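Take a look at the structure below.
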């Protein structure tokens, strides 16, 4: 028996999508569609993929850059007279 495996299946939980797409400022320069478990399973079924290995989507480990931007915005707002 052979299986079809997606070795790089992007997962974008709602909290992650919200945090990386705030105010239309997309971290990583890519505005991915909203993700849902049901949608992902439907895609895997349609593509006849048996197993998917989850991978966090853009910006991935570069989320620190996005956090830095948010911190700068908050700091700038708090220090305004």
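The values are calculated or read from the model by the stated rules, or taken from the named source; none is laboratory data. This is a predicted model, so every value here is computed, not measured. Please note: Cβ atoms are built from the backbone with ideal geometry, for glycine as well, and neighbour counts cover all protein chains shown.
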Does residue 7 satisfy being assigned to a strand (DSSP E or B) and either at pLDDT below 75 or out of contact with any helix residue (DSSP H, G or I) (no Cβ under 9 Å at 6 or more places or on another chain) (or both)?
-> yes
Pick out the one residue from 34, 72 that is surrounded by fewer than 11 Cβ atoms within 10 Å (Cβ to Cβ), at pLDDT below 85 and touching a helix residue (DSSP H, G or I) at 6+ places or on another chain (Cβ under 7 Å).
-> 34
Log entry, pairs with first residue in region 26-40 being closer than 14 Å to residue 54 by Cβ, second being at pLDDT 65 or above and not in a loop (DSSP other than H, G, I, E, B), beta carbons closer than 7 Å, six or more apart or on different chains, reads 35/11; 35/17
